[in-house]
Structure formats: C-alpha cells, structure tokens
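S.K.: Sharing a structure here in structure tokens format.
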Amino acid sequence: MSFSELGLTPSICLPLARLGYEQPTPVQIQAIPIALTGTDLFARAQTGTGKTAAFGLPMIERIMARRAGGRTRHPRGLVLVPTRELAAQVHRSLVTYGAPAELRVTAIFGGVGMGPQIQSLKHGADIVVATPGRLIDHMQRRTIDLSAIEILTLDEADRMLDLGFLPALRRIIPSLPRSRQTLLFSATLSKAVTELAAQFTRDPSHVDVSEGQAVAPTVTHHLHTVAVDQKRALLAHVLTQEGANQALVFCKTKRGSDRVGEHLERAGIKTAVIHGNKSQGARTRALGDFKAGRVNVLVATDIAARGLDIVQLPLVINYDLPLVAEDYIHRVGRTGRAGRSGRAVSLVSASDSRLLRDIQRLLPAPLEQVVVEGFAATHAEPSVPRPASPRAWSRDSRFVRSQRNTERKARPPRFQRTRAAVSR
C-alpha cells in the first residue's frame with residue numbers, strides 16, 4: 001500500500017518518497033484514513049513504529065485544505081508532548097512534512113528563553129508543538145491564542161500521566177474549541193490512559209497495532225546479575241565487549257548518571273551525560289554529539305526515554321531498573337525501531353527483585369539471564385505471587401510514590417529520645 005492510497009494528496013506524498021518513506025507502517029495504514037475523516041482517534045502502538053507521521057501527515061493535510069479559505073495567524077493544530085526532547089523531534093518532523101506547503105510550525109518548551117517563542121507566535125503559526133508547562137506559561141501571558149485549534153494530538157499520553165501532567169492537561173484542553181478533533185497516541189494501555197481518552201475524546205475510533213506486546217518483537221532482553229559494588233565495572237566490561245558503536249545507558253538519579261559517566265570516561269569510553277540539572281543547551285549538544293557519533297555512550301535519566309530518535313541504536317542498558325515498570329518499555333523502545341533488531345541489557349542486583357518482577361509482567365517471555373564471568377552474583381529470581389488486590393501492585397507512578405511515602409512515615413525514628421536523655 002502507498003501513502004496516496006491512504007487518502008493523502010500528491011503534494012504531501014511526493015516529498016515523502018524523497019525522504020525515503022516508501023511504504024506506510026501498520027499504525028500509519030490504520031490511523032491516517034481515520035484521522036483524515038475528522039473522527040477522534042485513540043491509538044496504541046509501540047515506540048518506533050512511525051506514530052509522528054501517523055498523526056502529523058493527516059494534520060498537515062487537513063490544515064492545508066482549510067487554508068484555501070484564508071490563512072490565520074492563530075494555530076490550527078496543537079501537539080502536546082511530555083518532554084523537551086520529544087517536542088524538538090516532533091517539531092523537526094512536522095517542519096519536514098509541511099515544507100512543500102510552507103506550513104509554519106513552532107516549538108514551545110522550557111529550558112530556553114520565551115522571547116524567540118513569543119516572536120514566532122506573533123509572526124503566525126499553523127501548528128504548535130508544546131510541552132504542557134511552557135504552554136500554560138504562554139497562556140498566562142496571553143502570548144498564544146488557542147481559539148482556532150481544529151486538531152489536538154496528545155503524543156505519548158502514558159508518559160504525560162507518569163510525569164504528572166494530568167492537572168496541566170485539565171487546564172489546557174477545556175480552553176480549546178469543543179468542535180476540535182482529538183488524536184491520542186500511547187505506547188502502553190493502562191486504566192489511567194483509558195480514562196484520559198474517555199475524558200478528552202468523543203466516541204473515538206480505536207487502533208491497536210501493538211500485537212499484544214508492549215515492546216517490539218525485534219528487541220532481545222537480557223539481564224546480568226551483579227553485586228552493587230561491581231555494577232560500574234560490569235557496565236564498562238559490557239560496553240567494551242559488546243562492540244556496539246553506540247549505547248544508551250539509563251540511571252535512576254542525576255548524581256548517579258554523573259558518576260557513571262565519569263567512570264566510563266576514565267575507562268576510555270567517549271561518554272556524554274544528560275539529566276534534568278543540565279541546561280537545555282547542554283542537553284541538546286550531548287544529544288547532537290551522540291547522534292553524530294562523536295560520543296559512543298549516552299548516560300541519561302528517564303528524560304531521554306522519549307524524544308531520542310536514533311535510527312540504528314543497537315543497545316540500551318538499564319544500569320538501574322526503573323521504579324515504574326512502564327518506564328522499562330519507554331527505555332528499551334529506543335532500540336529495535338522500524339523493524340531493526342536491538343538489545344536491551346539490565347544490570348540487576350539482589351535488591352531489584354520487586355522491580356524486576358513488575359517489569360517481567362509486561363513482557364511476553366522471561367528476561368534471559370546471562371552470567372558474565374567474574375561478575376556473577378547470587379540473585380533470587382522474583383517468585384512473589386501477584387497480590388490479590390490490583391492496587392497493591394499498581395505500576396502507576398503516583399500510586400508508587402504514595403506507597404513509598406506511606407512506608408517512610410510508618411518507619412520509627414532513627415533516634416528515639418529516652419526519658420533519661422530528656423532529664424539530662
């Protein structure tokens with residue numbers, strides 16, 4: 001099937017051919033015809049399957065058709081994304097797709113000055129790609145007018161919920177025209193995502209091309225058991241032995257990311273580090289160096305789990321397992337994209353049993369345990385049965401945080417003052 005058979009006009013299809021888009025992917029085949037009709041859409045598809053084109057191409061097509069009646073300075077398309085990196089990626093893609101029609105696409109996200117964004121909006125924008133927080137900043141300053149929005153896309157909706165953007169969405173979306181079309185895309189399908197779709201869409205059509213799997217079948221999953229004090233040495237060993245030109249390493253903390261990066265540099269591995277304490281300029285440079293091959297390893301916290309699009313990234317390593325199981329899906333979704341093979345390796349210590357158990361429930365087959373000579377550590381396989389109550393093992397990040405806070409409050413004080421101590 002060709003893109004023209006999906007209902008797209010030649011002015012959009014011809015540039016796609018020059019970009020190397022020969023055949024549409026399954027999510028594009030199913031989503032584009034529905035989106036072109038103006039119907040709301042709720043789509044589930046694995047990361048790396050072409051979701052940006054699945055919502056971007058019909059958005060551009062419909063805006064082009066409406067523009068025949070006159071151009072407006074106010075945006076007609078709005079794409080909400082959870083991270084700055086994803087906003088920049090989606091912006092680049094839409095600029096490329098809309099170039100033949102001279103569509104104006106503006107990116108709005110934090111970490112950079114608002115001045116250039118305000119100027120871009122003043123000159124007029126057909127489509128705005130935004131993170132929720134910075135969009136609200138512009139709404140408060142009245143530097144953006146959303147009254148003409150005809151198409152809203154919520155990209156990576158599950159990740160937006162994980163990052164706590166639901167209150168922001170509840171503030172933004174009611175300010176949009178009720179007659180708009182809403183497209184919602186998610187890599188995972190949870191109760192929270194389903195409720196979000198029910199709240200913000202109207203009788204949506206459903207598309208699911210995940211084939212019942214949360215991750216692409218082209219990704220292999222391995223785990224290495226290791227003592228905590230040997231993890232950095234094992235990481236350097238894996239990176240040097242794998243022979244992969246590039247690898248993405250995930251850590252759970254900013255400080256931990258810095259330490260791992262410093263260790264790899266001392267081991268002679270060209271490494272860059274990105275996390276929330278890095279300026280947007282530093283993050284952009286690090287990503288650019290990684291994508292250009294100037295560094296071989298990128299160490300990151302979960303901010304890089306979305307928006308990092310490397311065509312042939314062969315290896316993702318979980319130095320730390322994620323606290324929320326769904327984040328494993330987003331992390332390993334950086335490899336095995338567009339039908340290519342990829343590897344996901346997790347370094348697991350004895351204290352990771354619960355996290356490993358929750359991740360295992362999302363995968364169709366057990367993670368293969370591979371013993372690395374000289375680094376093997378005793379590790380009990382997670383055999384704890386699933387609790388009877390679904391909330392007891394909920395992987396929703398807000399519930400995980402509340403459980404952690406409850407446990408912390410229940411702990412006795414580290415030092416208890418005795419009567420004798422008080423009398424002294």
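S.K.: Go through 82-90, 172-180 and give me the packing order, highest mean Cβ count within 10 Å leading.
M.R.: 82-90, 172-180
S.K.: Among VAL128, PRO33, GLN23, pick out the residue whose Cα is farthest towards the positive end of the charge dipole of the stretch 18-143, where Lys and Arg carry +1 and Asp and Glu carry -1 on C-beta, about the Cα centre.
M.R.: Going by the Cα projections, it comes out as VAL128.
S.K.: Tell me whether the stretch 219-369 comes out rounded, prolate or oblate; compute the Cα gyration tensor, take square roots of the eigenvalues as a ≥ b ≥ c, and use a/c under 1.5 as the rounded threshold.
M.R.: rounded
S.K.: What spacing in nm lies between the two simple spin-label points modelled at MET139 and ARG92, each 7 Å away from Cα in the Cβ direction?
M.R.: With each label point 7 Å from Cα toward Cβ, the separation is 2.9 nm.
S.K.: Whose amide H sits under 5 Å from the amide H of TYR21, counting only residues 5 or more places off or on another chain, with H placed in the peptide plane?
M.R.: For TYR21, whose amide H was placed from the backbone, there are no distant partners under 5 Å.
S.K.: Which residues' amide hydrogens lie under 5 Å from the amide hydrogen of SER346, considering only partners 5 or more residues apart or on another chain, with H built in the peptide plane?
M.R.: Hits under the 5 Å cutoff: HIS222, LEU223, HIS224, ASN318.
S.K.: Give me the one-decimal nm value for the distance between modelled label points at ALA350 and LEU189, 7 Å along each residue's Cα-to-Cβ direction.
M.R.: Each label point lies 7 Å from its Cα, and together they span 4.1 nm.
S.K.: Here is a follow-up. Identify, among PHE200, PRO217, THR188, the residue whose Cα sits farthest towards the positive end of the charge dipole of the stretch 134-241, taking +1 on the Cβ of Lys and Arg and -1 on the Cβ of Asp and Glu, with the dipole about the Cα centre.
M.R.: PHE200
S.K.: Largest first and in whole Å, give the semi-axes of the stretch 68-186's equivalent ellipsoid, each being the square root of 5 times a Cα gyration tensor eigenvalue.
M.R.: The three semi-axes for the stretch 68-186 are 20, 16, 15 Å.
S.K.: Using a 10 Å cut-off on Cβ atoms, rank the peptides 247-260, 217-230 from the highest mean neighbour count down.
M.R.: Per-residue mean Cβ counts within 10 Å order the peptides as 247-260, 217-230.
We did not get these values from a lab; they are worked out from the coordinates using the rules stated. Since the structure is predicted, the reported quantities are computational estimates derived from the model, not experimental observations. Reconstructed Cβ throughout: ideal geometry from the backbone, glycine too, with neighbour counts over all protein chains shown.
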